[in-house]
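Before any comments, here is the structure.
The values are calculated or read from the model by the stated rules, or taken from the named source; none is laboratory data. None of these values were measured; they are calculated from a predicted model. Every residue, glycine among them, receives a Cβ derived from its backbone with ideal geometry; neighbour counts consider all protein chains shown. With ligands, DNA and RNA removed, areas are computed over all heavy atoms of the protein, side chains included. Shrake-Rupley method; radii C 1.70, N 1.55, O 1.52, S 1.80 Å.
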Amino acid sequence: PYYVDLNQNLFLQASLHSSDPNLVVFVDTCVASPDPNNFRTLTYELIRSGCVKDPTYSSYYSPYSSVARFAFNAFSFVSRYQSVYLQCELVVCSAYDYSSRCYQGCVNRFKRGAGS
């Protein structure tokens, strides 16, 4: 565990360990939960489909395309939960494929009705 005070900035870094220098890492989704085994019921979204959901979330420049850096302020769900767990989904793309998910940024996915 990593212990922080409420509202303290948490800085995270995800690194892709590969010998291919032409890969890019993109943070697609990060969700927090007080239950390490359940990221569907009681959750808090920091970023979803590349769209920032938490106003304290920030992405940071990295000189390496294989490294994604971001931060957010520490928070608590309610007083009865002492721990918060984070689950992030990252995407790996070819560095020069500008039509790939890594270069699309925020993607709002709309559901369509099945009407006539």
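Key figures
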| quantity | calculated |
| --- | --- |
| Alpha-carbon Rg/Rh ratio, for the chain, with Rh computed the Kirkwood way | 1.02 |
| Binned Cα-Cα distance frequencies in region 50-98 - 5 Å width, integer % | 4, 12, 21, 23, 17, 11, 6, 4, 2, 0 |
| The chain, accessible area per residue, ligands and nucleic acids excluded (1.4 Å, Å²) | 72 |
| Part-to-part distance (alpha-carbon centres) for region 83-106 and region 1-21, which is given in Å | 15 |
| Computed lengthening from residue 98 to residue 74, 0.36 nm per intervening residue step minus Cα-Cα distance | 5.3 nm |
| Of the chymotrypsin sites (Phe, Trp or Tyr not before Pro) in region 7-83, those whose Cβ has at most 10 other Cβ within 10 Å and which sit in DSSP loop | 61 |
